[in-house]
Amino acid sequence: MVKVMKKVLASALAAALLVSTPVHAAPSPDTGNVTINQDNAKVDVPAENPDLNENVDTKDDGTAAFVSIDTKDKTVRVPGTVTVNGVEYKVTEIKAEAFKDAKKATKIVVSSNVTTIDKKAFSKAKKLKTIKFNCKKSIKVKKGAFKGLDTKKMTIKVTKKMSKKQFKKFKKALEKAGFKGTIKQ
């Protein structure tokens with residue numbers, strides 16, 4: 001009973017600290033320092049490159065949504081996970097206009113954890129030429145994910161680990177979302 005009470009008390013104290021003050025998390029080996037912004041629940045995750053600033057929304061179910069990135073790099077990687085205050089979150093969604101500040105990006109590499117891409121997710125990334133998906137299963141791609149881009153000149157590459165059936169399903173989802181370029185495995 002004492003052990004249970006200690007765990008409950010420790011959890012309550014941790015929750016109170018999270019709600020009352022901004023928390024600075026320990027550096028993640030993959031991404032660098034993490035800061036929780038209590039006002040809008042966004043997490044800033046500076047990666048190895050000091051010019052790269054990613055923002056994600058963390059969720060109670062252990063997942064996170066990739067909200068935006070501000071970089072001058074030509075290749076942008078959507079991380080598979082982010083670590084916040086010692087808790088690892090899977091990045092499963094790319095939100096609308098996530099790449100609006102990645103104006104020089106020509107290539108985006110999407111991790112295998114991503115399952116959903118929102119409308120206008122890639123819009124405003126005008127120099128984008130290639131998107132590489134490392135997932136084994138089809139991804140839900142909302143209509144208008146490529147709005148404002150000339151997708152006829154773009155290429156989407158999908159990992160060879162994806163089955164033919166899943167590749168067909170993903171290709172259909174991309175076409176429904178407005179992608180008109182080359183899709184290859």
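The values are calculated or read from the model by the stated rules, or taken from the named source; none is laboratory data. Here the structure is a predicted model, which means the values were calculated and not measured. Every residue, glycine among them, receives a Cβ derived from its backbone with ideal geometry; neighbour counts consider all protein chains shown.
From the list 143, 152, the one residue that fits, being in a loop (DSSP other than H, G, I, E, B) and not acidic (Asp, Glu), is 143. Return yes when residue 136 is of a type in the set (D, E, K, R), within 17 Å of residue 78 (Cα to Cα) and not in a loop (DSSP other than H, G, I, E, B) and no when it is not. No; evaluated as a whole, the condition is false for this residue. For the stretch 89-123, which residues satisfy the criterion of being assigned to a strand (DSSP E or B), within 20 Å of residue 148 (Cβ to Cβ) and at pLDDT below 95? Within the stretch 89-123, 101 is the sole residue that qualifies.
The number of residues in the stretch 70-102 that are out of contact with any Ser or Thr (no Cβ under 9 Å at 6 or more places or on another chain) and of a type in the set (D, E, K, R) comes to 3.
Restricting the stretch 124-146 to residues that are among the aliphatic types (A, V, I, L, M) and within 15 Å of the chain's Cα centre (by Cα) leaves a set whose member that is nearest to residue 163 (Cα to Cα) is 139. When 132, 127, 184 are screened for being among the basic types (Lys, Arg), in contact with a Ser or Thr (Cβ under 9 Å, 6 or more places away or on another chain), surrounded by fewer than 21 Cβ atoms within 10 Å (Cβ to Cβ) and over 19 Å from residue 100 (Cα atoms), only 184 passes. Condition first: out of contact with any Gly (no Cβ under 6 Å at 6 or more places or on another chain), small (Gly, Ala, Ser) and buried (at least 17 other Cβ atoms within 10 Å of the Cβ). Can you find one or more residues in the stretch 149-171 that meet it? No, the stretch 149-171 contains no residue that is out of contact with any Gly (no Cβ under 6 Å at 6 or more places or on another chain), small (Gly, Ala, Ser) and buried (at least 17 other Cβ atoms within 10 Å of the Cβ). Does the stretch 65-88 contain any residue that is under 13 Å from the mean Cα position of the chain (by Cα) and outside any strand (DSSP E or B)? There is at least one residue in the stretch 65-88 that is under 13 Å from the mean Cα position of the chain (by Cα) and outside any strand (DSSP E or B).
Taking the stretch 130-147 as the range and being closer than 14 Å to residue 183 by Cβ and either touching a strand residue (DSSP E or B) at 6+ places or on another chain (Cβ under 9 Å) or touching a residue at least 40 places away in the same chain (Cβ under 8 Å) (or both) as the test, the residues that pass are 130, 131, 132, 133, 135, 139, 141, 145.
Report yes if some residue within the stretch 165-178 is touching a Ser or Thr at 6+ places or on another chain (Cβ under 9 Å), at positive phi and either in a loop (DSSP other than H, G, I, E, B) or in contact (Cβ under 8 Å) with a residue 12 or more places away in the chain (or both); otherwise report no. The answer is yes; a qualifying residue exists.
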